[in-house]
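Structure, as structure tokens:
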Amino acid sequence: MLTYALILIVCIISTFIAHKSATTNKFVFFVTSIIAIVVPACIAGLRGIHCGVDILVYCKPAFDRVPYYDSFFKYYESSDIDLFFSILIYTTHNLFGSFNMALFNIELFIVLFFFIASYKLRDEVPMWVSYPLILIGFYALSFNLMRQCLAIAFLTLGYTYLLRNDNFKKFLVFLFISFFWHKTAVVGGLFLLFIHFASVQKKEIRVILSVSFVTACAAIIIIFRALLSMIALLGGRFAFYETYGGTNGSSGYNTVVLLGSFICIFLSIICYYLKILNGRTAYIFAMICVASTMSQLLGIYTFFASRIGLYFAATYAFYLPMIATSPKLTNRTSFIAVIIVFAVFIAIWLRIHGMMGGVVPYRSTILDI
């Protein structure tokens, strides 16, 4: 646990300096940005193969199979691993031949996508707040859920185009590409797309879309398994979706995260009436929290299903700091609010780290930890 704490401290300090120097000193910004990205990637690359269950489930086997195929196309055809992840593994093996380098490259892409997303939203949310919060939520988790965290990071980067200037076209490009990192990205992305589409409509239409959205979320919870069976009928790799409705005994939603989603719905309403958030931002955040609540409740079927909510959880690292750093708050109140947000993220991490797939404590035979 100390390893993760040190990484967080290093990233807070380096990102703080990067944020302050982004427009005043490009060299300092570049150096501190490299530190914030490469240091966590290096620690991830040096971890042992037992630090993360999925390393031995699909990552190491995918890496070890590369020498048996004389072309990427044959390698990919024989695999059930997503296209871009396969390209990353195949290329790393042929260029470096080191599995630890593969782990490094996977994490490098994850933290790079998240860092760029934080950079693009630095005018709305300070980088030194959003980026470390994302790391609290996803850094250790990405040691296990490598493919999905790649998709989450990439889609989060695409989401900045919606959040900044409602660029639906660019988000759609990111949404399409994210499918090739992990198929579930399409589900999370379509929810985010619908929410933002509804937010730009006239009040009457927005009310209708909102009621439809909440009704659809409730219906999905009820008919989830039947819905997955329909998707699986498409055949091919779509059959994989049925895994998210299985009865493998690992069902059950996370009470802490579910409670947090409920609280954030009420928080968005309060922030709207106190004018801490503008009406549209408060609406978007509330609808994302509704989708997050739905995702958590899908855990009654299987733990895998609740992981769809991770795409929504990433946006919390932007919306909660928006509230904490709102111009409506005094400097002192804002500082306290930022501390509270960090404390909440850390508290949730401490509560659920045991469900992250054996990544705590951090283990590395290379570092003798």
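The values are calculated or read from the model by the stated rules, or taken from the named source; none is laboratory data. In this text, all values refer to a predicted model and were calculated from it rather than measured experimentally. Backbone-built Cβ (ideal geometry, glycine too); neighbour counts: all protein chains shown. SASA here: full protein model, heavy atoms, side chains in, ligands and nucleic acids out. Shrake-Rupley method; radii C 1.70, N 1.55, O 1.52, S 1.80 Å.
Which FRET efficiency value, to the nearest 0.05, do you get for residue 328 and residue 365 by plugging their Cβ-Cβ distance into 1/(1 + (r/R0)^6) with R0 = 41 Å?
E between residue 328 and residue 365, to the nearest 0.05, is 0.20.
Please arrange 335, 171 by accessible surface area, largest first, computed with a 1.4 Å probe and ligands excluded.
Order by accessible area, largest first: 335, 171.
One quarter of the convex hull surface, Cα atoms only: what value does that give for region 1-106 in nm²?
Average projection, Cα convex hull of region 1-106: 8.2 nm².
In vacuum, with every alpha carbon of region 179-229 counted as one equal point scatterer, what does the Debye formula give for log10 I(q)/I(0) at q = 0.13, 0.15 Å⁻¹? Two decimals, please.
-0.40, -0.52
Given H placed 1.01 Å from N in the peptide plane, which residues other than close sequence neighbours of residue 277 have an amide H under 5 Å from its amide H?
Here 272 satisfy the definition.
Could you tell me the accessible area of residue 28 in Å² (1.4 Å probe, neighbours in place), rounded to the nearest ten?
Accessible area, nearest 10 Å²: 50 Å².
Between Rg and the Kirkwood Rh of the chain, both from Cα atoms, what is the Rg to Rh ratio?
Reported Rg/Rh, Kirkwood definition of Rh: 0.96.
When all protein chains stay in place, what accessible area (Å², nearest 10, 1.4 Å probe) is found for residue 3?
30
Select from 13, 35, 208 the residue whose mean-square fluctuation is largest in a Gaussian network model of the chain (Cα-Cα springs shorter than 10 Å).
208
Per residue of region 40-48, in order, report the coupling 6.51 cos²θ - 1.76 cosθ + 1.60 (Karplus, θ = phi - 60°) as ³J(HN,Hα) in whole Hz, putting x for Gly and Pro.
My calculation for region 40-48 gives x, 5, 5, 4, 5, x, 8, 6, x Hz in order.
How large is the convex hull of the C-alpha atoms of region 86-180 per residue, in Å³?
91
Going by Cα centres, region 322-349 and region 150-186 are how many Å apart?
27
Show me, for region 143-148, the HN-Hα J-couplings you get by feeding each phi into the Karplus relation (A = 6.51, B = -1.76, C = 1.60, θ = phi - 60°), rounded to Hz, glycine and proline as x.
Karplus-based 3J(HN,Hα) across region 143-148 equals 5, 10, 8, 5, 5, 5 Hz.
For region 267-369, what is the Kirkwood estimate of the hydrodynamic radius, computed as the reciprocal of the mean inverse distance between distinct Cα atoms, to one decimal in Å?
15.8
Step through the residues of region 184-190 one at a time and calculate ³J(HN,Hα) from phi using the Karplus curve (6.51 cos²θ - 1.76 cosθ + 1.60, θ = phi - 60°), rounding each to whole Hz and writing x for Gly and Pro.
Each residue's phi maps through the Karplus curve to give 5, 4, 5, 5, x, x, 5 Hz.
Which residue fluctuates most in the GNM of the chain (Cα springs below 10 Å): 100, 331, 167?
331
Which residue, 283, 69, 41, has the largest displacement toward the positive end of the dipole of the chain when charges sit on each Cβ (Lys, Arg +1; Asp, Glu -1)?
The listed residue farthest towards the positive side: 283.
Using only DSSP helix segments of four residues or longer, with each worth -39500 (n - 2.57), what per-residue ellipticity at 222 nm results for the chain after dividing by its residue count and rounding to 500?
After summing the helix terms and dividing by the residues of the chain, the value is -23000 deg cm²/dmol.
Any idea of residue 6's accessible area? Nearest 10 Å², probe 1.4 Å.
Solvent-accessible area, nearest 10 Å²: 100 Å².
Just how large is the dipole of the chain about the Cα centre, in debye to the nearest 20, putting +1 at every Lys and Arg Cβ and -1 at every Asp and Glu Cβ?
With Lys and Arg at +1 and Asp and Glu at -1, about 900 debye.
Report the extension gain between residue 27 and residue 201 in nm, rounded to one decimal, defined as 0.36 nm multiplied by the number of residues separating them, less their alpha carbon distance.
Answer, rounded to one decimal: 58.3 nm.
Please list, or write none, the lysines whose alpha carbon is within less than 16 Å of the alpha carbon of residue 275, excluding same-chain residues fewer than 8 places away.
Qualifying lysines at Cα under 16 Å: 328.
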